[in-house]
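Chemist: Handing you this structure, nothing more for now.
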Number of protein chains: 4
Amino acid sequence: MRYRVGILGSTGAVGQRFIQLLSSHPWFEITAISASERNVGKKYSEGAVWRLETPIPEEVTDLELVAPDPKKMDCDIVFSALPSDEAKKVEPLFAESGFVVASNASAYRMEDDIPLVIPEVNADHLGLIDIQRKKRKWDGFIVTNPNCSTIGLVITLKPLMQFGLHEVRVVTMQAVSGAGYEGVPSMAILDNIIPYIAKEEEKIETESKKLLGEFDGEKVKFAEIDILASCNRVPVIDGHLEAVFARMHENPTPEEVKKVFKDFRSIDTPSAPKHPIIVREEVDRPQTRLDRNAENGMSVTVGRVREGIRYICLSHNTIRGAAGASVLNAELMVKKGII
Amino acid sequence: MRYRVGILGSTGAVGQRFIQLLSSHPWFEITAISASERNVGKKYSEGAVWRLETPIPEEVTDLELVAPDPKKMDCDIVFSALPSDEAKKVEPLFAESGFVVASNASAYRMEDDIPLVIPEVNADHLGLIDIQRKKRKWDGFIVTNPNCSTIGLVITLKPLMQFGLHEVRVVTMQAVSGAGYEGVPSMAILDNIIPYIAKEEEKIETESKKLLGEFDGEKVKFAEIDILASCNRVPVIDGHLEAVFARMHENPTPEEVKKVFKDFRSIDTPSAPKHPIIVREEVDRPQTRLDRNAENGMSVTVGRVREGIRYICLSHNTIRGAAGASVLNAELMVKKGII
Amino acid sequence: MRYRVGILGSTGAVGQRFIQLLSSHPWFEITAISASERNVGKKYSEGAVWRLETPIPEEVTDLELVAPDPKKMDCDIVFSALPSDEAKKVEPLFAESGFVVASNASAYRMEDDIPLVIPEVNADHLGLIDIQRKKRKWDGFIVTNPNCSTIGLVITLKPLMQFGLHEVRVVTMQAVSGAGYEGVPSMAILDNIIPYIAKEEEKIETESKKLLGEFDGEKVKFAEIDILASCNRVPVIDGHLEAVFARMHENPTPEEVKKVFKDFRSIDTPSAPKHPIIVREEVDRPQTRLDRNAENGMSVTVGRVREGIRYICLSHNTIRGAAGASVLNAELMVKKGII
Amino acid sequence: MRYRVGILGSTGAVGQRFIQLLSSHPWFEITAISASERNVGKKYSEGAVWRLETPIPEEVTDLELVAPDPKKMDCDIVFSALPSDEAKKVEPLFAESGFVVASNASAYRMEDDIPLVIPEVNADHLGLIDIQRKKRKWDGFIVTNPNCSTIGLVITLKPLMQFGLHEVRVVTMQAVSGAGYEGVPSMAILDNIIPYIAKEEEKIETESKKLLGEFDGEKVKFAEIDILASCNRVPVIDGHLEAVFARMHENPTPEEVKKVFKDFRSIDTPSAPKHPIIVREEVDRPQTRLDRNAENGMSVTVGRVREGIRYICLSHNTIRGAAGASVLNAELMVKKGII
């Protein structure tokens, strides 16, 4: 028997990824999908302009789009692909009504009592759930995952913590899909680089410290790392590539760094990559188009680990960096018996 | 009366930029152009596959391509767009025979007695010319300009030296034209980022220290700056965009940094930009396609100067970063009476 | 003394081209610019996000944006870059109030009494102006230019009329700028071709017949040509490239066709290209990026004229195909004494 | 038990597709792979720079690269991904020595006694094999498949033959992978369209007539269709999109045309698509990136079937248009008992 899951904002770019990842999922079954008002009442195949390269999964083709309302969504878990301002209003209604909300939205990520989780990095932060429910008097709860440009970076920073990581400089080269289907006009990005993405640098700098922080049973104590980011939009469809400079008190060699990357452990659930971090030895990898789909887009690929320590990391922004991250959080909670 | 100039390697990507920049030049007249053996004897319009968007200048259309041989090149100054290994052999022959060699090649950049010059940055390094001629017993001499990814960066670092600049982290996003016409296959770069350019990081890290070093009348004492670079190839035609993190002992504010950028002075010759550094205040500038041609591709455009200090700089890699750099060096030498 | 001109819809993609082409124009002076309501009252530099690679012309930087209202626009001629539905309402108000309206909008192109003109092709169709004014009782009048994909094609078809042109098959490869700044999302077009542009094929098929038709003093008799078009959006910034198959009763040779292309005459006004049609003999030209700016983007470049007759033509869609077309119409009318 | 197969030219772009398609094939087992001299003796993973997005199949990783010599290739069938001039010399050596040669090279396609085959289109042309072996006194034989831009087109033309097809005008928009990995420099194609591909139009025009011709037991009588092509290179990685105008004596309606497209039959072998032609009803499909991988890149997707008859067809140029075509020919021969 599978858990019945719903998708909030199922017709957008991230919503379609949720559909794609959750169809034929061994633990989850899509039973409810929401859309904005003008599409409510339509079948999914009529309300959504499907833009992925794989066909619309049959199980949702005829499913009816409903309003993002706890009374209308017939399921146990909701995955949220809502824009931040809408998530802010809607997600608490679901948590209050007893739903598990696995959210990709940024609205509640930085709240004290709401877990911001990458399963391989800080699964123990789920301990905040009890505190959250008590404090907010909710039957359900909200669990969030980080921003698409934070997630690949932090997966690689986590194993560096053991060496006394204290300073990070990171420059991102981010795909257009990160801005949603209509986010980046082609006239803005063909033969061009845009060295600015609104609020992105702030998200990387704050979310990373929460993710790498310690949960003491009450709250998360932020990691003390000096992080500066510089974010760029580049003309690629999918995949965020990041150039990282990391300083550690113990000054590990590139070989030592590669070793801890390779040893980084999978959480061993259906969508979890066997190798959360793949280390490439070629001088010119990872490359965005060639490596973004590693382990179905769920692995982070690292390369060019050099003295400095400097390295390159790459992750798929709408899979590992968005829908896949929420799905993985839900799988973790099932595995841990929280759901 | 104009100086008679020749171009070594006149048919390649940088060679064509030399042709473009030197045609109708008020001080220089193209009188000799070299090509590789199979094109010697042809007219320029027959030996070169012209690939720039402006038409072939009339003054070279019928000029005959000759071998890169001092006896065949009828001129006073030669501009070198040769590949490094060829430059290594050919340029000394010209210097020995009394030519002024203004070279864009990397072969001699790091030699003790050969000036590596950006006119606005270290014009005084031209003092090495006397030392070079004495030591090598040459009638002529070689003057070089830095690599395309170094030049934009160093123009912005120079004014920061007054604040005690001691650490730089830079990530480049470099245009395909930097690798020459056939350098980057389209299959390698469409919908892709390649986080590696052979020898590029080393060039940035060493050339910068020489350029920012002090000439004491005998030799150049390298600047003591901790520089690390991470170089990437991106799918744009022209323009190298760089994300810079700079640490200075005096800790200037962004406003102070912008002021010294804006105050940075032109050398006031025909090809020199009025503003070597243009500071943009918009949150999303410079952008590669929109800003690479600022002041005919000779200005460096800077933006997003933030606490950190962090900023973005952009320069045209085959104009300011290659052919234009050599031309500017020649203009500087004319102005200073060295030629 | 220069004519005082206004631009309707001055802040959009085509509006910006009008600004660029009309600044420093020898016959015209920009004295009025309109924008949509939320920008009225602002200076141009504040109300427009300037996206061209040349800087905002100084003469408009501080000019105030006004409503598209005949009473607010202080000028003699208005150039219209309005979207079709807005043009439909606004342009007649200007014509009624005595303005000359040179419109790039599609709203009135196919009206019986409104000239649809390409100066080099059918200048005599301006004879419709008298009929228009009489019929509509307007003090001013409207003159239109064709759609961006029609114009390059028809300039090449006109000289073929003398050979008894009767059938045309054309496939277009159109730049993203043709859809306006936000018209084509980057996710839609990176690594992709879209074989559909709404209403484009119909425009080519109908406008061409009007343009190539005969004005008998009363009305335009449409040309009897069997035209079928297939329109595609391709990932280039500017420039519409078209592959044409043309059948003529007289069956001319490729050499004869090239001759009439080369002989096609300029109208000899400030913006008119010296060569309305440039014929390239290279086997692989015209190419979009290399040839779109020929004669400041006002020439049509033709190549690969082969048995068939088959050929390729290219024109700049926002210059020759939009703003430049309207400006040329206005210049023609000045030259003919109509204005 | 599986047939033992070899790949000639296994390290190039098409060679890698052969490796990808033949690994884990139910009927074939890769036992021999050839490369050019400098890579002979290396393992495949060392001699090939693997550029596909899926990993190198384990079964070839350690396989040794050998010379393209019948004595060195231990197998029954060879698939040829050789360049045309090399194929010309090498393929007959294999045929003579008793191998079945399934070739993607153009060298022998138009020879009278060599079958040029698309299984769904003209399987009966395999009758030429007997004639070939007799005439050339070969133990083995050569069977070829058409050029990448011909194949998608002809699959759609075949069902139109029943309506009396007599005239075709086709304009192609072809991916860069069609020219091989280094075939199209990025500087040539970024923000550009190149309206020329050497020999491509001739291939479409001649190969189509042979493929659609009738085999009378002795020779192929070419189809009498007036075909003109205009071929363009566009900035997409994979996928050839073609705009077709087709004239038929019986003048079918678009609905009739769509019906025969949909009814076109699969040959029902492991790599054969269930639907050789997929008909899309959306107004803007097929699109290159979204549809090129339909049925693992083996289906042709058709759309926009309009009066004219006009339509768009799309096929994956290195799968259905190259390696997959040869594999399908081999499967057909196995199924028919020829192998």
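The values are calculated or read from the model by the stated rules, or taken from the named source; none is laboratory data. Fair warning: this is a prediction, and the values are worked out from it, not measured in the lab. Here Cβ is always computed from backbone atoms with ideal geometry, including for glycine, and neighbour counts include all displayed protein chains.
Chemist: Going through D:301, D:253, D:269, D:288 one at a time, which residue ends up being outside the structural domain of residue D:115 (by TED's automatic domain parsing), under 21 Å from residue D:225 (Cβ atoms) and among the hydroxyl-bearing types (Ser, Thr, Tyr)?
Modeler: Numbers: D:301 fails: under 21 Å from residue D:225 (Cβ atoms); D:269 fails: under 21 Å from residue D:225 (Cβ atoms); D:288 fails: under 21 Å from residue D:225 (Cβ atoms).
None of the others qualify; the one that does is D:253.
Chemist: Looking at residue B:228, is it buried (at least 22 other Cβ atoms within 10 Å of the Cβ), within 14 Å of chain A (Cβ to nearest Cβ), more than 30 Å from residue B:130 (Cα to Cα) and in contact (Cβ under 8 Å) with a residue 24 or more places away in the chain?
Modeler: On the way: buried (at least 22 other Cβ atoms within 10 Å of the Cβ): no; within 14 Å of chain A (Cβ to nearest Cβ): yes; more than 30 Å from residue B:130 (Cα to Cα): yes; in contact (Cβ under 8 Å) with a residue 24 or more places away in the chain: yes.
Taking the combined requirement at face value, the residue does not satisfy it.
Chemist: Might you check whether a residue that is hydrophobic (A, V, I, L, M, F, W, C), at pLDDT 95 or above and farther than 16 Å from residue A:262 by Cα occurs anywhere in the stretch A:295-305? It would help to see each step written out before you state the result.
Modeler: Our first condition is that a residue be hydrophobic (A, V, I, L, M, F, W, C); within the stretch A:295-305, this holds for A:298, A:300, A:302, A:305.
Restricting the remaining residues to those that are at pLDDT 95 or above gives A:298, A:300, A:302, A:305.
Of the ones still in play, those that are also farther than 16 Å from residue A:262 by Cα are none.
For the stretch A:295-305, residues hydrophobic (A, V, I, L, M, F, W, C), at pLDDT 95 or above and farther than 16 Å from residue A:262 by Cα: absent.
Chemist: Still on this structure, I have one more. Within the stretch C:178-208, how many residues turn out to be polar (S, T, N, Q) and either at pLDDT below 95 or under 16 Å from residue C:244 (Cα atoms) (or both)? Steps first, answer last, please.
Modeler: Residues of the stretch C:178-208 polar (S, T, N, Q): C:186, C:192, C:206, C:208.
Retained after the next criterion (residues that are either at pLDDT below 95 or under 16 Å from residue C:244 (Cα atoms) (or both)): C:208.
Within the stretch C:178-208, residues that are polar (S, T, N, Q) and either at pLDDT below 95 or under 16 Å from residue C:244 (Cα atoms) (or both) number 1.
Chemist: So residue B:23 ticks every box in (1) crowded, with 19+ Cβ neighbours inside 10 Å; (2) under 20 Å from the mean Cα position of the chain (by Cα) but one. Which box is left unticked?
Modeler: It fails just one condition, (1).
Chemist: While we're on this one: Could you pull out the residue among A:46, A:59, A:53, A:64 that is touching a Lys or Arg at 6+ places or on another chain (Cβ under 8 Å) and under 22 Å from residue D:290 (Cβ atoms)? Please lay out each step first, then the result.
Modeler: Numbers: A:46 fails: touching a Lys or Arg at 6+ places or on another chain (Cβ under 8 Å); A:59 fails: touching a Lys or Arg at 6+ places or on another chain (Cβ under 8 Å); A:64 fails: under 22 Å from residue D:290 (Cβ atoms).
Criteria check complete, one pass: A:53.
Chemist: A further question on this structure: Out of the residues in the stretch C:110-143 that are closer than 15 Å to residue C:91 by Cβ and of a type in the set (A, V, I, L, M), state the one that is surrounded by the fewest Cβ atoms within 10 Å (Cβ to Cβ). Walk me through it before giving the result.
Modeler: At the first step, the residues of the stretch C:110-143 found to be closer than 15 Å to residue C:91 by Cβ are C:110-111, C:113-116, C:129, C:132-133, C:136, C:138-143.
With of a type in the set (A, V, I, L, M) added as a condition, the list becomes C:110, C:114, C:116, C:129, C:142-143.
Values: C:110: 13, C:114: 26, C:116: 28, C:129: 20, C:142: 30, C:143: 26.
Among those that are closer than 15 Å to residue C:91 by Cβ and of a type in the set (A, V, I, L, M), it is C:110.
Chemist: To continue, here is another question. Mind listing whichever residues of the stretch C:28-51 are touching a strand residue (DSSP E or B) at 6+ places or on another chain (Cβ under 6 Å) and over 17 Å from residue C:66 (Cα atoms)?
Modeler: Selection gives C:28 alone.
Chemist: Among the residues of the stretch D:231-238, are any more than 14 Å from chain C (Cβ to nearest Cβ) and either basic (Lys, Arg) or in contact with a His (Cβ under 6 Å, 6 or more places away or on another chain) (or both)?
Modeler: Step one: of the stretch D:231-238, the residues more than 14 Å from chain C (Cβ to nearest Cβ) are none.
Among the residues of the stretch D:231-238, not one is more than 14 Å from chain C (Cβ to nearest Cβ) and either basic (Lys, Arg) or in contact with a His (Cβ under 6 Å, 6 or more places away or on another chain) (or both), which makes the answer no.
Chemist: Right, here's the next one. Here are some residues: C:90, C:49, C:101. Which one is touching a Pro at 6+ places or on another chain (Cβ under 7 Å) and not polar (S, T, N, Q)? Let's see the steps before the verdict.
Modeler: Values: C:49 fails: touching a Pro at 6+ places or on another chain (Cβ under 7 Å); C:101 fails: touching a Pro at 6+ places or on another chain (Cβ under 7 Å).
Only one candidate qualifies: C:90.
Chemist: Within the stretch D:252-339, considering only strands (runs of 3 or more DSSP E) that don't extend past its boundaries, which have at least 2 residues that are more than 14 Å from chain C (Cβ to nearest Cβ) and farther than 22 Å from residue D:234 by Cα? Give the steps one after another, and end with the answer.
Modeler: Values: elements: D:277-279, D:300-306, D:310-315.
So the answer is D:277-279.
Chemist: Spot the failing condition for residue B:217; the list is (1) more than 8 Å from every other protein chain (Cβ to nearest Cβ); (2) of a type in the set (Gly, Ala, Ser); (3) under 30 Å from residue D:178 (Cβ atoms), and only one is missed.
Modeler: Just one mismatch for residue B:217, condition (3).
Chemist: Out of all the residues in the stretch A:176-230, which are touching a Gly at 6+ places or on another chain (Cβ under 7 Å), farther than 19 Å from residue B:173 by Cα and among the aliphatic types (A, V, I, L, M)?
Modeler: Result: A:220, A:223.
Chemist: Tell me, please, whether a residue that is at pLDDT 95 or above, of a type outside the set (A, V, I, L, M) and under 18 Å from the mean Cα position of the chain (by Cα) can be found in the stretch C:242-257. Give the derivation first.
Modeler: Taking the stretch C:242-257 as the starting set, the residues that turn out to be at pLDDT 95 or above are C:242-257.
Of the ones still in play, those that are also of a type outside the set (A, V, I, L, M) are C:242, C:245, C:247, C:249-256.
With under 18 Å from the mean Cα position of the chain (by Cα) added as a condition, the list becomes C:242.
So far as the stretch C:242-257 goes, yes, one or more of its residues are at pLDDT 95 or above, of a type outside the set (A, V, I, L, M) and under 18 Å from the mean Cα position of the chain (by Cα).
Chemist: I'm checking my understanding of the structure. Among residues of the stretch D:144-187 that are within 14 Å of chain C (Cβ to nearest Cβ) and free of Cβ contacts under 8 Å to residues at least 40 places away in the same chain, which one is surrounded by the most Cβ atoms within 10 Å (Cβ to Cβ)?
Modeler: Across the stretch D:144-187, the extreme among qualifying residues is D:186.
Chemist: Only residues in the stretch B:199-217 that are in the same structural domain as residue B:109 (by TED's automatic domain parsing) and crowded, with 21+ Cβ neighbours inside 10 Å count as the first member; pair them with residues that are assigned to a helix (DSSP H, G or I) and at pLDDT 95 or above, Cβ under 6 angstrom, at least 6 apart or cross-chain, and list the lot.
Modeler: Once the first residue is in the same structural domain as residue B:109 (by TED's automatic domain parsing) and crowded, with 21+ Cβ neighbours inside 10 Å and sits in the stretch B:199-217, no partner that is assigned to a helix (DSSP H, G or I) and at pLDDT 95 or above comes close enough.
Chemist: Scanning for something surrounded by fewer than 18 Cβ atoms within 10 Å (Cβ to Cβ) and under 27 Å from residue D:270 (Cα atoms), does the stretch D:33-43 turn up at least one residue?
Modeler: Within the stretch D:33-43, none of the residues are surrounded by fewer than 18 Cβ atoms within 10 Å (Cβ to Cβ) and under 27 Å from residue D:270 (Cα atoms).
Chemist: Quick check on this structure: which one of B:42, B:88 is without any contact (Cβ under 8 Å) to a residue 24 or more places away in the chain and under 18 Å from the mean Cα position of the chain (by Cα)? I'd like the intermediate steps shown before the answer.
Modeler: On the way: B:42 fails: under 18 Å from the mean Cα position of the chain (by Cα).
Of the residues listed, the single one that is without any contact (Cβ under 8 Å) to a residue 24 or more places away in the chain and under 18 Å from the mean Cα position of the chain (by Cα) is B:88.
Chemist: Show me the helices (runs of 4 or more DSSP H) found entirely inside the stretch C:1-110 where at least 1 residues are assigned by TED's automatic domain parsing to the domain that holds residue C:125, aliphatic (A, V, I, L, M) and within 19 Å of residue C:320 (Cα to Cα).
Modeler: Numbers: elements: C:13-22, C:44-47, C:58-61, C:84-96.
Answer list for the stretch C:1-110: C:13-22.
Chemist: Among residues belonging to the stretch A:200-214 that are touching a Ser or Thr at 6+ places or on another chain (Cβ under 8 Å) and either within 14 Å of chain B (Cβ to nearest Cβ) or among the polar types (S, T, N, Q) (or both), point out the one that is farthest from residue B:233 (Cα to Cα). Explain how you work it out, then say what you get.
Modeler: Kept after step one, since they are touching a Ser or Thr at 6+ places or on another chain (Cβ under 8 Å), are these residues of the stretch A:200-214: A:200-201, A:203-204, A:207-208, A:211.
Keeping just the survivors that are either within 14 Å of chain B (Cβ to nearest Cβ) or among the polar types (S, T, N, Q) (or both) gives A:200-201, A:204, A:208.
Details: A:200: 22, A:201: 22, A:204: 24, A:208: 27 Å.
The qualifying residue farthest from residue B:233 (Cα to Cα) is A:208.
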